[in-house]
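Reading through the structure tokens given below for one structure.
The values are calculated or read from the model by the stated rules, or taken from the named source; none is laboratory data. Quick caveat: nothing in here was measured; it's all calculated off a predicted structure. Reconstructed Cβ throughout: ideal geometry from the backbone, glycine too, with neighbour counts over all protein chains shown.
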Amino acid sequence: MITRGSTLSRIAAAIKAANPCVKVYGVALAKTERRSYFARTALTYGFTAALLVFLAVVVGSIVLAMFWPLIKIIDSGIGDGNSRSLDN
């Protein structure tokens, strides 16, 4: 018997306790379960976006740190044949 105000998880637990061999499938969310689901979903999407931005900054700074010396060497003109030797 389903009473007013019960959540589906409590109802499923009661059915499972009374009949252990019965499989219980839930297809709808009660009001409180919907609220918590959407709150978790919003929090997860916000955390995912923040993590993506953080990782982009970290990876971008690593790539910049790796290629910055190479760009400086290319811009200084070393190796183009017209520049003076490093020994002088």
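If you go through the stretch 69-88 and keep only what is exposed (fewer than 10 other Cβ atoms within 10 Å of the Cβ) and modelled with pLDDT of 80 or more, you end up with P69, L70, D75. Restricting attention to the stretch 17-26, does a residue exist that is at pLDDT below 80, assigned to a helix (DSSP H, G or I) and over 25 Å from the mean Cα position of the chain (by Cα)? No.
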